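The block underneath contains the structure these notes are about, expressed in structure tokens.
None of the figures in this text is laboratory data; all of them are computed from the coordinates on show. Just so we're clear, the structure is a prediction, and the values are computed from it rather than from any experiment. Quick reminder, even Gly has a Cβ in these numbers, built from the backbone with ideal geometry, and neighbours come from all protein chains shown.
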Amino acid sequence: MADRSFLDWPFFEGRHRALAEGLDAWAADTLAHVDHCDIDAACRDLVAKLGAGGWLVHSAVDPDDPSSGLDVRSLCLIRETLARHEGLADFAFAMQGLGTGAISLFGSQAQKAEWLTRTRAGKALSAFALTEPASGSDVASITLSATRDGDDYVLNGEKTWISNGGIADVYTLFARTGEGEGAKGLSAFIVPADLPGFTVAERLETVAPHPLARLRFEDCRIPASAMLGQPGAGFRIAMSVLDVFRATVAAAALGFARRALDETVSRVQSRHLFGAPLFDLQMVQGHVADMALDVDAAALLVYRAAWMKDKGAARVSREAAMAKLFATEQAQKAIDMAVQIHGGEGVRKGHIVESLYREIRALRIYEGASDVQKVIIARQTLAAASGKA
């Protein structure tokens with residue numbers, strides 16, 4: 001059983017503890033046998049189940065309550081719990097939140113009513129279309145164009161490595177509208193998947209199967225009313241969304257690491273070597289200690305960032321970057337050690353630690369690669385030292 005003592009930390013309120021306990025029980029009952037043979041179908045099914053279970057209400061603001069907001073601690077607890085049980089369920093939940101994050105934070109009441117009602121119920125899948133073939137972490141260099149033409153904008157260009165690409169019903173898209181150079185000339189749009197001129201150019205396969213795609217826009221027309229916020233506000237919108245959801249990536253890594261620790265503890269108690277449990281070897285005890293230390297340290301960083309955001313911090317870029325960098329890097333190490341301790345079983349296809357090994361790798365890349373997080377941390381630290389933070 002996974003450690004739950006962290007729920008007593010002062011970062012959490014009673015509602016958070018109830019959420020974690022309830023989701024853990026639901027996940028144990030619902031996610032024990034997810035069919036990975038058809039990933040697209042599995043993701044649609046998981047979104048429907050998450051919606052029916054009431055968990056997706058946490059992924060976006062309530063369109064019927066203008067005062068509602070995103071609770072980052074809830075988002076992190078959900079992602080950690082789902083990742084510990086089933087990586088694809090975490091992916092499905094995460095994309096519902098990330099894909100509609102800009103609508104939650106910057107959408108008009110009409111935009112929220114049209115889309116969030118459906119995504120929170122699991123009736124529509126969403127996606128976040130930011131990355132391009134020549135611009136990953138360098139968001140300011142986006143080239144996909146949105147040209148004003150009367151009451152419409154006309155989209156031309158490509159996006160790639162888009163999660164839920166090919167199965168999403170709606171995309172939050174970032175495009176160049178030209179109000180200024182670089183980051184000053186970007187805007188955000190809500191783009192339904194059924195528009196003429198919008199095609200899925202290529203489906204992309206990765207070591208951990210998820211629905212990913214390269215998208216192409218050729219003279220794709222969208223109404224000007226599909227814009228989120230103001231013209232030229234796209235970069236600020238994207239960064240604000242990442243400021244919320246980057247800590248949840250760290251939470252997913254924490255969930256993977258916690259499951260790896262659980263599996264390792266079980267293995268070293270049941271596996272015998274030289275007539276004694278594997279755990280009796282001091283070297284193995286050292287590995288277990290390292291894993292336990294990294295899990296707790298990652299949890300502290302994750303929930304510090306989430307708590308700060310929930311308590312009203314304008315930006316938590318430094319704290320979220322620290323959480324994502326540490327949690328993803330240390331989870332990779334913990335899972336690698338879990339594979340090592342499991343021996344041949346650890347690399348057998350279908351074994352839980354083998355799937356964790358494939359799942360964790362991408363988290364060190366998306367929503368800002370590890371080296372980018374170091375740049376953010378360094379710049380924020382320098383700014384604070386010089387009084388410019």
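Identify, among 339, 298, 314, the residue whose Cα sits farthest towards the positive end of the charge dipole of the range 285-382, taking +1 on the Cβ of Lys and Arg and -1 on the Cβ of Asp and Glu, with the dipole about the Cα centre.
314
Using the Cα centre of the chain as origin and beta-carbon charges of +1 (Lys, Arg) and -1 (Asp, Glu), tell me which of 139, 127, 213 is placed farthest towards the positive end of the dipole.
Checking the options against the dipole of the chain, the answer is 139.
Can you give me the Kirkwood hydrodynamic radius for the range 23-117, using every pair of distinct Cα atoms, in Å to one decimal?
Computed over Cα pairs of the range 23-117, the Kirkwood hydrodynamic radius comes out at 13.8 Å.
Identify the trypsin sites (Lys or Arg not before Pro) of the range 328-379 meeting these criteria: DSSP loop state and at most 10 other C-beta atoms within 10 Å of the C-beta.
Working: sites: 333, 348, 349, 358, 361, 364, 374, 379; in loops: 348, 349, 364.
Answer in residue order: 349.
Using only Cα atoms, figure out Rg for the range 185-337 and give it as a multiple of 2.2 N^0.38 Å.
With N residues counted in the range 185-337, Rg over 2.2 N^0.38 Å equals 1.48.
Below 12 angstrom from the Cβ of residue 376, what's the summed charge of the other residues (Lys, Arg +1; Asp, Glu -1)?
Neighbourhood net charge equals +2.
Starting from the Cα of residue 159, draw a straight line to each of the aspartates and glutamates and keep only those under 19 Å, dropping any in the same chain fewer than 8 residues away.
In chain and number order, the partners are 132, 138, 169, 194, 202, 205, 218, 219, 367.
Over the chain, what is the mean sequence separation of C-alpha contacts under 8 Å (at least six apart), divided by residue count, expressed as relative contact order in percent?
Contact order relative to length: 15 percent.
Compute log10 of I(q)/I(0) for the chain with the Debye formula, placing one identical point scatterer on every Cα and leaving out solvent, at q = 0.10, 0.12, 0.13, 0.14 Å⁻¹, to two decimals.
Rounded to two decimals, the profile gives -0.64, -0.91, -1.06, -1.22.
So, counting K/R as plus one and D/E as minus one, what does the shell of residues with Cβ under 12 Å around residue 63 add up to?
Every neighbour counted, the sum reads -1.
Counting Lys and Arg as +1 and Asp and Glu as -1, what is the net charge of the other residues whose Cβ lies under 15 Å from the Cβ of residue 227?
0
Once phi is turned into θ = phi - 60°, what whole-Hz ³J(HN,Hα) does the Karplus curve with 6.51, -1.76 and 1.60 give for every residue of the range 242-248, x standing for Gly and Pro?
In residue order, the calculated couplings are 5, 4, 7, 8, 5, 5, 6 Hz.
Return the ratio Rg/(2.2 N^0.38 Å) for the range 128-233, where Rg is computed over Cα atoms only.
The reported ratio for this selection is 1.01.
In debye to the nearest 20, how big a dipole does the chain give about its Cα centre with +1 on each Lys and Arg Cβ and -1 on each Asp and Glu Cβ?
Around 720 debye, computed over the chain.
Determine the distance separating the Cα centre of the range 126-175 from the Cα centre of the range 299-320; give it in Å without decimals.
Cα centres, the range 126-175 to the range 299-320: 28 Å.
Of the residues 198, 256, 12, which exhibits the maximal mean-square fluctuation in a Gaussian network model of the chain defined by a 10 Å Cα contact cut-off?
Looking only at 198, 256, 12, the largest GNM fluctuation is found for 12.
Check cross-link reach from residue 309 to the lysines: straight Cα distance under 19 Å, and skip same-chain residues fewer than eight apart.
Hits, sequence-local ones excluded: 324.
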